[in-house]
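The values are calculated or read from the model by the stated rules, or taken from the named source; none is laboratory data. Predicted model, so just to flag it, every value in this text is computed and none were measured. When we count neighbours, we look across all protein chains shown, and the Cβ atoms used for this are built from the backbone with ideal geometry, even at glycine. Just so you know, the surface numbers come from the protein's heavy atoms only, side chains and all, with ligands and any DNA or RNA stripped out. Shrake-Rupley method; radii C 1.70, N 1.55, O 1.52, S 1.80 Å.
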Amino acid sequence: MEQRLAAFRATRKRAELEGGPSTSGRCGKAPGEDVAAPPTPSQAQEAPGGRAKEPFQTQGSPLQNPAATSPSRWDQSFLTNVTFLKVALWLVLLGLFVELEFGLVYFVLSLFYWMYVGTRGPGEKKKGEKSAYSVFNPGCKPIQGTLTAEQFERELQFHPLAGR
């Protein structure tokens, strides 16, 4: 911690000497400048346990360092927030319809809507993806884990599994 503070003070003093008083209003740091430059691997100190300490790297705000935030994390957060808002809206509407004594109708219609949205159309099937119904697959081959009539009969009659 003391090393980081010393590096910060040195950077601040260097900025004051080069450019005079800071116009950014933030500790003499330029808008795109990090507080301390990360030390090189040769500068990493040896810890008492025999392990090398990890160099501390300061990341600026996402506006200063666009690579600091990954788009996938933002997308995931956005989807979570949208899902939460949808559930909250559904609960509010459910409460409204319960007050109007149409709560059961709203719930049943919601179930039908969820079933409709949850099904995929034939155009959404990926190339090479097998169907859960073996009659739609080439050669009527079932997907892995499907219980066939032959396998069920073998298990009822306690015959050993074929191929094992």
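Tallying residues that are open to solvent by less than 60 Å² (accessible area, probe 1.4 Å), among the aromatic types (F, W, Y) and without any contact (Cβ under 8 Å) to a residue 12 or more places away in the chain within segment 91-148 yields 0. Taken over segment 105-153, the criterion of being closer than 30 Å to G95 by Cβ and assigned to a loop (DSSP other than H, G, I, E, B) is satisfied by T119 alone. One residue is enough: does segment 117-135 have a residue meeting the conditions over 26 Å from the mean Cα position of the chain (by Cα), modelled with pLDDT of 75 or more and of a type in the set (A, V, I, L, M, F, W, C)? Yes, segment 117-135 contains at least one residue that is over 26 Å from the mean Cα position of the chain (by Cα), modelled with pLDDT of 75 or more and of a type in the set (A, V, I, L, M, F, W, C).
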